[in-house]
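S.K.: Structure provided below as structure tokens; questions to follow.
Quick note: the coordinates plus some simple rules give every number you see, no bench work behind them. Since the model is a prediction, treat every value here as computed from it, not as a measurement. All Cβ positions, glycine included, derive from the backbone under ideal geometry; neighbour counts span all protein chains shown.
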Amino acid sequence: MTIDSVNLQGRWICILAVLMLVGCNSGKLKTYPVQGQVVFEDGSPVKVGTVETKAFGRSVQATGSIATDGSFTLTTYRENDGAIAGEHEVVIVQFIPIEEIPNYRPSTMGVVHRKHASYSTSGLTMKVVPGEENKIKLVVSGANPVGQNPKDHGHDEIPKAPGDMPTDPK
């Protein structure tokens, strides 16, 4: 090997190393921390589900699990790294099992209206601004009640005292 070939080989190694370092993050847009809360129209928290966002004009999504107090933190590439800057469409996804169980009365208590599960009907949006505290509050509608009384969401009234049992079980 000549000195020129060693120098050329060394230069190629340096160029490849620089390209690898630059290329490790290529294609990933900068993210900004985003935290928030999902609540029903009456202010009570949504206790289960996932928040999913899709940036307008980009194919970048962020997701976050909803905690029992309605709070969530978004993740795009790494856990809790946030979302990219700009406007986002938002959906709320809940897995609600429906089973054919004898005497089972399904409940809609705590269930988000299904319109919020589709980007085309959700109506929910958020904006992520670099350098700002991105605290998002998402207000959603509840599912339509299955029972006759919209206040009980299909549940029998809960007795206040041991002798207050309902006389006409359903």
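S.K.: At LYS30 and VAL93, where each label point lies 7 Å from the Cα along Cα→Cβ, what is the point-to-point distance in nanometres?
M.R.: Computed distance between label sites LYS30 and VAL93 equals 2.9 nm.
S.K.: Could you give the length gained by full extension between ASN144 and LYS127, i.e. 0.36 nm per residue of separation minus their alpha carbon distance, to one decimal place?
M.R.: 3.2 nm
S.K.: Computed FRET efficiency, Cβ-Cβ of LYS137 and ARG78, R0 35 Å: what is it to the nearest 0.05?
M.R.: 0.90
S.K.: From the phi of every residue in segment 68-83, what ³J(HN,Hα) in whole Hz does the Karplus formula 6.51 cos²θ - 1.76 cosθ + 1.60 yield, where θ is phi - 60° and glycine or proline is x?
M.R.: Listing the rounded values in order: 5, 8, x, 7, 8, 10, 7, 10, 10, 10, 10, 3, 6, 7, x, 9 Hz.
S.K.: For ILE136, list long-range residues whose amide hydrogen, built 1.01 Å from N in the peptide plane, is under 5 Å from its own amide hydrogen.
M.R.: GLN35, GLY36, GLN37
S.K.: Take the Cβ-Cβ distance between SER120 and SER44 as r, set R0 to 22 Å, and report the resulting FRET efficiency rounded to the nearest 0.05.
M.R.: Computed FRET efficiency for SER120 and SER44: 0.25.
S.K.: Continuing with the same structure: Taking H placed 1.01 Å from N in the peptide plane, check which residues at least 5 places from PHE40 or on another chain put their amide H under 5 Å from its amide H.
M.R.: VAL46, VAL140
S.K.: May I pose another question? Considering amide H positions built from the backbone, and no H for Pro or chain starts, which residues 5 or more places from HIS113, or on another chain, come under 5 Å of its amide H?
M.R.: Answer set, sorted by chain and number: SER141, GLY142, ALA143.
S.K.: Please turn the phi angles of segment 117-131 into ³J(HN,Hα) values with the Karplus equation 6.51 cos²θ - 1.76 cosθ + 1.60 (θ = phi - 60°), one per residue in order, whole Hz, x for glycine and proline.
M.R.: Residue by residue, segment 117-131 yields 8, 10, 4, 6, 10, 4, x, 8, 9, 8, 10, 9, 10, x, x Hz.
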